[in-house]
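Below: the structure, in structure tokens.
The values are calculated or read from the model by the stated rules, or taken from the named source; none is laboratory data. Remember, predicted model here, so these are calculated numbers, not experimental data. Reconstructed Cβ throughout: ideal geometry from the backbone, glycine too, with neighbour counts over all protein chains shown.
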Amino acid sequence: MSAIKFTEDHEWIRVEGDVGTVGITDFAQNQLGDVVFVELPAVGRRVTKGGDAAVVESVKAASEVYAPVTGEVIEINQAIVDEPAKVNAEPMAGAWFFKVRLANPSELDGMMDEAGYAAFVDGQH
Amino acid sequence: MRYLPLTEADRRDMLAVIGAPSVDALFRDVPETARAADIDLPPHQGELEVERALSAMAAKNVAAGSVPFFLGGGAYRHHVPASVDHLIQRGEFLTSYTPYQPEVTQGTLQYLFEFQTQVALLTGMEVANASLYDGATATAEAVAMANRVTGRRRSVLSGGLHPHYREVVDTLARFVGFRADAQPLDPDGGEDLAALIDGGTSCVVVQYPDFLGRVRDLRPLAEACHAKGALLLVVVTEIVSLGALTPPGEMGADIVAAEGQSIGNGLNFGGPYVGLFATRDRFVRQMPGRLVGQTTDAEGRRGWVLTLSTREQHIRREKATSNICTNSGLCTLAFTIHLSLLGEDGLTQLAAINHAKAVQLAGRLAAIPGVTVLNDSFFNEFTVRLPKPAAAIVDRLAERPIIAGVPVSRFLAGHDDLLVVAATETVTDADMDALVTALEESLR
Amino acid sequence: MSDWSKAVSRFQAAGPGSETTSGNRGLQIEEPLIFEQGADGRTGVDLPAPPAAADRLGGLGRKGAIGLPGLSEPQVVRHYTRLSQKNFAIDSGLYPLGSCTMKHNPRLNERMARLPGFGDLHPLQPESTIQGALELMDQLATWLKTLTGMPAVALSPAAGAHGELCGIMTIRAALEARGDMRQRILVPESAHGTNPATAAACGYAVESIPANARGRVDLAALKAKLDGGVAAIMLTNPNTCGLFESEIVEIAEAVHKAGAFFYCDGANFNAIVGRVRPADLGIDCMHINLHKTFSTPHGGGGPGSGPVVLAEALAPHAPLPWVVHGPDGFRLVEHADGASGTSGTIGRLKGFHGQMGMFVRALAYMMSHGGDGLRQVANDAVLNANYLMAGLKDVLTASFEGPCMHEALFDDRFLKDTGVTTLDFAKAMIDEGYHPMTMYFPLVVHGALLMEPTETESKDSLDQFIGVIRALAERTRQPGAAEWFHEAPRYTPRRRLDETAAARKPMLRWRPPVATAEAAE
């Protein structure tokens, strides 16, 4: 059983057991434009909810990717470092950024679900 | 007023279109209390009058080219070919802005790409930026970059680093909040930097040739740095030296920060100069300053653009790698044109002439009773120990007038007897005769 | 034997759609890199043989070749002349880059900077041989202090951003000297990126202050943020929306009441020079871009020069070196050696004494204009910008009401539903022979178009420009406009360049073609 949650900073996290897979949303990649560079955290690094975790850059913009939850980074997606265009092509699937072992699953409680995020994005226009 | 095209009639017509009663009305947002009445300054003048006044001021100086001249210390007098100054004064270069619109600035972008390539080749590094303000600020930026790359905050500065460069690093260290452990100047050459490196060292900064002109093999130091995870930062103040010397990149340098004034640029009383900055490919995203990259246009033709701008302040704001906004555009152009004229053969020969002149001069000065040459190795600059305070002798020789070099005491207390002397291709045999004779007389 | 057809296509200059064999188009000539033109044994200089002397390089003589190409002087002259012809310049056309101040660069200034007494002067010469140079620095300082009403000026910063660094360092030094450690600097949303970058470089947290509906700093929001933790505010005035901060005196009072300092980014001083003295506004510290207000040439992105004027409270912390009057003439103070007045200095900011070449040019410019002419500079700069605003406000969308200062700010509401972006509009201006205005800055309005004509444009020139912009604005509403604008520019040496490809696979230097590719031919 997996659940996908969203942040107001346009990250998504899909949780399976105590592991969350983190990426940026389709809306976020659209706002950025062609992604040219991705920097991921080191495996083993402890990230804090709301703290800097990764960087994603287009030609004209650089954006921090914030950790949606607190925990330890256990895996990173080298494929998007080698080929940043993937972030534009498949943001919600193959272009995940990193996996994190959740320290405190209750942090997910306040986050938006898919419908909630869709409404949030609509409200931004 | 020759620079202002509007006539009184124009101004009246324009105000009518705007719908404002007067120009003063356009300044209505300025608080009353801050509207200055006349500011007490002289009235406008014609070209002739300005030229006369400034020429009179210039005439109170002793131009380097008018006297026997042996001064280096981070700025060097070289011959700059006439075509360099002609080309950099073309209005399309002189009066153009930063190449933010690549379709109409391919000229600037292409020469910067060529410049980056030349700097990388000369220093033996993989990649160079489009320049920084000068060698000293480039050095400080390089230390800050080494701190970012290593995640450490303590640098070690050789005592052979130009004192101005050390001071600029000190200023940055104080306000940014990192440590810069400067070693004392060591005229006897016993400095052991490798012993100062530990797991907290971000970089070791060493000048090549150093402030006293000495040339050291940097390979052992590079190994010592890398063994502890620190970077080796090599500073070059006389870039012509790399026409004769093994480049820092071949000796394991991780960053090279250099002063490029010697190629293409006049002395200009200390500025504007051009900071060169080169590093390894893997550190490129941590570099400060502008970068030009190759790409193609909508029709598939090769062209150039500013790239990796997300490092910079206009995008990254408070998270930028540096607050730097400008480069040394026109000085960069002068550098790249001069180096294009020199080419491989010209630069290596220029360097050989410089070295040979300095070797000749060192031999002649060493023959003066009481004078010893400190260096066992050097390029075009070396240090002599005098039996009397060097500053007084320099002042006395200036009256003849001969500009003999720079006394180390101008920078550092406690080295009164050391004089740093440079000889470039501009020094003639007669100049050397004059210096030797004058020095002999003043030491008698 | 020569393979002439190969010579034509050697650098693949002619694109697939090229109408000429060479890729050249009349006066627009394709030019390969210098590295593609070199030949061994060729050079553009004639040097004598080195005199006979031993090698004292310490065994570190260069072993391998550098890899520099060999070119003769005529090739070099032609190469750079052709490159120059691919550049837009203020000499050749209106260059309305907002905040950048692209005004005429008088050539007298170039001649003065090249006088041997200035240009061929070493910064470390004995003081007796540089009295004229120190006098020039002193005179420049006098002009800058008089024009700003400030008691002190630091000349050494090499550019505007370097001046900011200098200013924020002096502020921190002054605070530290009174034992007052503060952590934050307030910066308006509309600020240039160097402001937050500078504050962060000096160890401060940056806090943004919002603009009000009039495009000025929201005074109430500012006051709410001002407390004992704020070291300074960094404010541009006139601001980056081209507006004078009408509540600036109140801002200064509030800032000072909180014990903080008022840093002014003087990038737009050209709008008020000779009319308003920053000291009368309550400013403690301001850098002046000599390459903007005082017309030293931009040179394709530098060198600049960024002297910083300082209030009494900050003056003791000025960077080294500075010029003083001694009994025997002028003297340089280069060290914090315990002598009076040096103990509070922030230290040295660059090698040597500052951008002397720029000092000479700026002083020549000031002397040419005089006090009266500089006031006229501000008047005409503001008049020209307002004329532009008047001529365009019914076809573009002005962001704010009321008279502007030296630059006119529009946003992209006029492009709504046209499919044309600010970028497209700018590129179409290029085809019409104009350099685009500043785009997408300031960030406080959407799709910003910031136009600064400067005082050195004639009315005729502005009338033509207004006519062209009006016609382009009209065209955005015609059928097929989106495609037409998106195709622009069409008549430039290069069409739009692929910046994404450049950033994804950075190619930052030329490398020789791989030998195997040649062998395979």
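For the structure I just gave you, tell me whether B:Gly249 is surrounded by fewer than 24 Cβ atoms within 10 Å (Cβ to Cβ), more than 9 Å from chain C (Cβ to nearest Cβ) and over 21 Å from B:Arg166 (Cβ atoms). Judged against the criteria, B:Gly249 is a match. When each of B:Glu126, B:Glu191 is tested for being among the charged types (D, E, K, R) and at the interface with another protein chain (Cβ under 9 Å from one of its Cβ atoms), the lone residue that passes is B:Glu126. The set of residues from region C:440-463 being over 12 Å from C:Cys241 (Cα atoms) and buried (at least 20 other Cβ atoms within 10 Å of the Cβ) comprises C:Pro453, C:Thr454, C:Glu455, C:Thr456, C:Glu457, C:Leu462.
Tell me which residues, restricted to region C:280-305, are polar (S, T, N, Q) and within 11 Å of chain B (Cβ to nearest Cβ). Give the steps one after another, and end with the answer.
To start, the set of residues in region C:280-305 that are polar (S, T, N, Q) comprises C:289, C:293, C:295-296, C:305.
Selection gives C:Asn289, C:Ser295, C:Thr296, C:Ser305.
Suppose we filter region C:143-157 for residues that are assigned to a helix (DSSP H, G or I) and under 15 Å from C:Ser305 (Cα atoms); how many remain?
Filtering region C:143-157 down to residues assigned to a helix (DSSP H, G or I) leaves C:143-148.
This time we only want the ones that are under 15 Å from C:Ser305 (Cα atoms), so: C:144.
Residues that pass the stated criteria total 1.
Would you say C:Leu140 is touching a residue at least 60 places away in the same chain (Cβ under 8 Å), in a helix (DSSP H, G or I), facing chain B (nearest Cβ under 7 Å) and out of contact with any Ser or Thr (no Cβ under 7 Å at 6 or more places or on another chain)? No; evaluated as a whole, the condition is false for this residue. Would you point out which residue out of C:Gly193, C:Gly163 is under 23 Å from the mean Cα position of the chain (by Cα), free of Cβ contacts under 8 Å to residues at least 24 places away in the same chain and in the same structural domain as C:Gly357 (by TED's automatic domain parsing)? Criteria check complete, one pass: C:Gly193. Residues considered: C:Ala197, C:Ala191. Of these, the only one that is within 9 Å of chain B (Cβ to nearest Cβ), assigned to a loop (DSSP other than H, G, I, E, B) and among the hydrophobic types (A, V, I, L, M, F, W, C) is C:Ala191. Of all residues being farther than 14 Å from B:Glu103 by Cβ and not in a helix (DSSP H, G or I) in region C:474-491, which is farthest from the chain's Cα centre (by Cα)? Just the residue, please. Applying the filter and picking the extreme gives C:Pro479.
Given the condition among the basic types (Lys, Arg) and part of a loop (DSSP other than H, G, I, E, B), answer yes or no: does some residue in region A:13-28 qualify? No; the residues of region A:13-28 include none that is among the basic types (Lys, Arg) and part of a loop (DSSP other than H, G, I, E, B).
Report yes if C:Ala173 is surrounded by fewer than 22 Cβ atoms within 10 Å (Cβ to Cβ), over 19 Å from the mean Cα position of the chain (by Cα), in the same structural domain as C:Gly149 (by TED's automatic domain parsing) and under 27 Å from C:Ser343 (Cβ atoms), otherwise no.
On the way: surrounded by fewer than 22 Cβ atoms within 10 Å (Cβ to Cβ): yes; over 19 Å from the mean Cα position of the chain (by Cα): yes; in the same structural domain as C:Gly149 (by TED's automatic domain parsing): yes; under 27 Å from C:Ser343 (Cβ atoms): yes.
Here the answer is yes, as C:Ala173 does meet what is asked.
What do you reckon, is B:Thr171 over 19 Å from the mean Cα position of the chain (by Cα), facing chain C (nearest Cβ under 10 Å) and among the β-branched types (Val, Ile, Thr)? So B:Thr171 does not fit the description; no.
Quickly run through region B:53-65 and pick out the residues that are facing chain C (nearest Cβ under 7 Å) and more than 19 Å from the chain's Cα centre (by Cα). If you could, list the steps in order and put the result at the bottom.
Of the residues in region B:53-65, the ones facing chain C (nearest Cβ under 7 Å) are B:53-55, B:57-65.
The answer is B:Ala53, B:Leu54, B:Ser55, B:Met57, B:Ala58, B:Ala59, B:Lys60, B:Asn61, B:Val62, B:Ala63, B:Gly65.
Could you say whether any residue in region C:207-220 is closer than 15 Å to B:Arg174 by Cα and either within 10 Å of another protein chain (Cβ to nearest Cβ) or surrounded by fewer than 20 Cβ atoms within 10 Å (Cβ to Cβ) (or both)? No, because not a single residue in region C:207-220 is closer than 15 Å to B:Arg174 by Cα and either within 10 Å of another protein chain (Cβ to nearest Cβ) or surrounded by fewer than 20 Cβ atoms within 10 Å (Cβ to Cβ) (or both). State whether the residues of region B:309-329 include one that is within 7 Å of another protein chain (Cβ to nearest Cβ), at pLDDT 85 or above, closer than 20 Å to B:Glu141 by Cβ and in a helix (DSSP H, G or I). The answer is yes, given that some residue of region B:309-329 is within 7 Å of another protein chain (Cβ to nearest Cβ), at pLDDT 85 or above, closer than 20 Å to B:Glu141 by Cβ and in a helix (DSSP H, G or I). B:Ala58 falls short on exactly one of the conditions (1) out of contact with any strand residue (DSSP E or B) (no Cβ under 8 Å at 6 or more places or on another chain); (2) modelled with pLDDT under 95, and that condition is (2).
If you go through region A:54-73 and keep only what is within 21 Å of A:Val100 (Cα to Cα), surrounded by fewer than 23 Cβ atoms within 10 Å (Cβ to Cβ) and of a type in the set (A, V, I, L, M), you end up with A:Val55, A:Val73.
Among the conditions (1) under 30 Å from B:Tyr76 (Cβ atoms); (2) surrounded by 24 or more Cβ atoms within 10 Å (Cβ to Cβ); (3) touching a Phe, Trp or Tyr at 6+ places or on another chain (Cβ under 6 Å), the only one that C:Ser84 does not satisfy is (2). Can you tell me which residues in region B:216-240 are at the interface with chain C (Cβ under 9 Å from one of its Cβ atoms) and farther than 15 Å from B:Asp192 by Cα? Once the filter is applied, which keeps residues that are at the interface with chain C (Cβ under 9 Å from one of its Cβ atoms) and farther than 15 Å from B:Asp192 by Cα, region B:216-240 yields only B:Thr237.
Table: residues versus (1) farther than 25 Å from B:Arg174 by Cβ; (2) at pLDDT below 95.
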residue	(1), (2)
C:Thr142	yes, no
C:Val153	no, no
C:Ala159	no, yes
C:Arg184	no, no
C:Glu189	yes, yes
C:Thr194	no, yes
C:Ala197	no, yes
C:Ala231	no, no
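Only a single criterion out of (1) among the charged types (D, E, K, R); (2) buried (at least 16 other Cβ atoms within 10 Å of the Cβ); (3) at the interface with another protein chain (Cβ under 7 Å from one of its Cβ atoms); (4) farther than 26 Å from C:Ala385 by Cα is not satisfied by B:Glu92, namely (4). Scanning region C:38-81 for residues that are of a type in the set (D, E, K, R), surrounded by fewer than 18 Cβ atoms within 10 Å (Cβ to Cβ) and either within 30 Å of C:Tyr491 (Cα to Cα) or more than 35 Å from the chain's Cα centre (by Cα) (or both) yields C:Asp40, C:Arg42, C:Asp46, C:Asp55, C:Lys63, C:Arg78.
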